[in-house]
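What follows is a single structure, written as structure tokens, with notes after it.
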Amino acid sequence: MSRTAHALVLLALAACARAGAPDLPPGSAPPGGDACALGDGATRADTLTLAPAAPVDPARAPNPASDAERLAFRQLYATLVQLDCTGAPRPGLAQAWRREDERTWSFLLRADATFWDGSPVLAEPVIAAWRSRPAAWEVIDRAGIASIAAAGAREIRVAFATPEDRAPALFAHPALAPVQPPGTGTWAVGAGPWRPAAGGAASPVPGSPFLRFAPAA
């Protein structure tokens, strides 16, 4: 039987302290509670009700313009890498990464990573989506990335113009969350642990937990 969880999220309390944030690559996401406030939806109740402190606009997803959208989009749109509350990178859609040389990094996507409609998260479509979205490509350009290419169905190889040892943190940036066009729905189709209760993927994954939105405070 479906279980419903109701959560009133106060952004000021949910966020981790942001003081002392580490020095990250240009454009990368800072550490914060939105990375760990709600956790993995697959291990939670079937439905979570989020009451944001401000309106959340699906048209901006996955690029937040406010703290409310940052928290909401973080639950819906997974990135290759996640930052914990200390700013340390940990696996997201990428199960692992390695440094090939001083300028090149490879990211291995999880074999079980899927979008809400059940389609797999693969290297070529992810790269194509980044190239088609100005916000994503701006982050990549600002980070000094010289090239991005698929090194296999589930491996993405990133080459920087200069030596770079902080690449994993860059790929926690919300603009680099892989998405697909919304189709008939309101929301761009993501690969996060939750999906919108209405206006999401046309063919949702059975059993995938929902995220509902209460009116903004």
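The values are calculated or read from the model by the stated rules, or taken from the named source; none is laboratory data. The structure presented is a predicted model; accordingly, all values stated were derived computationally and were not measured. Because the Cβ atoms are built from the backbone with ideal geometry, glycine has one as well, and the counts that use them run over all protein chains shown. SASA here: full protein model, heavy atoms, side chains in, ligands and nucleic acids out. Shrake-Rupley method; radii C 1.70, N 1.55, O 1.52, S 1.80 Å.
Every listed requirement among (1) part of a helix (DSSP H, G or I); (2) open to solvent by less than 40 Å² (accessible area, probe 1.4 Å) is met by ARG74 save one, (2). Considering every residue within the range 139-150, establish whether at least one is free of Cβ contacts under 8 Å to residues at least 12 places away in the same chain and open to solvent by 30 Å² or more (accessible area, probe 1.4 Å). Checked against the condition, which is being free of Cβ contacts under 8 Å to residues at least 12 places away in the same chain and open to solvent by 30 Å² or more (accessible area, probe 1.4 Å), the range 139-150 yields at least one hit.
Does the range 200-211 include one or more residues that are closer than 28 Å to GLY87 by Cβ, at pLDDT 90 or above and of a type in the set (A, V, I, L, M, F, W, C)? No - not one qualifying residue is present in the range 200-211. The selection criterion, being in contact (Cβ under 8 Å) with a residue 12 or more places away in the chain, under 17 Å from the mean Cα position of the chain (by Cα) and more than 14 Å from TYR77 (Cα to Cα), holds for ALA169. Taking THR79, is it of a type in the set (S, T, N, Q) and open to solvent by 10 Å² or more (accessible area, probe 1.4 Å)? No, not satisfied.
The set of residues from the range 89-115 being open to solvent by less than 40 Å² (accessible area, probe 1.4 Å), outside any strand (DSSP E or B) and either without any contact (Cβ under 8 Å) to a residue 24 or more places away in the chain or of a type in the set (A, V, I, L, M) (or both) comprises LEU93, ALA113. Being within 16 Å of the chain's Cα centre (by Cα) and farther than 17 Å from GLN180 by Cα is a description that applies to PHE107. Looking at the range 155-165 only, could you name the residues that are surrounded by 15 or more Cβ atoms within 10 Å (Cβ to Cβ) and more than 17 Å from the chain's Cα centre (by Cα)? The answer is GLU155, ARG157, VAL158, ALA159, PHE160, GLU164. Of the residues contained in the range 39-51, one or more are found to be at pLDDT below 90, part of a loop (DSSP other than H, G, I, E, B), open to solvent by less than 40 Å² (accessible area, probe 1.4 Å) and at negative phi.
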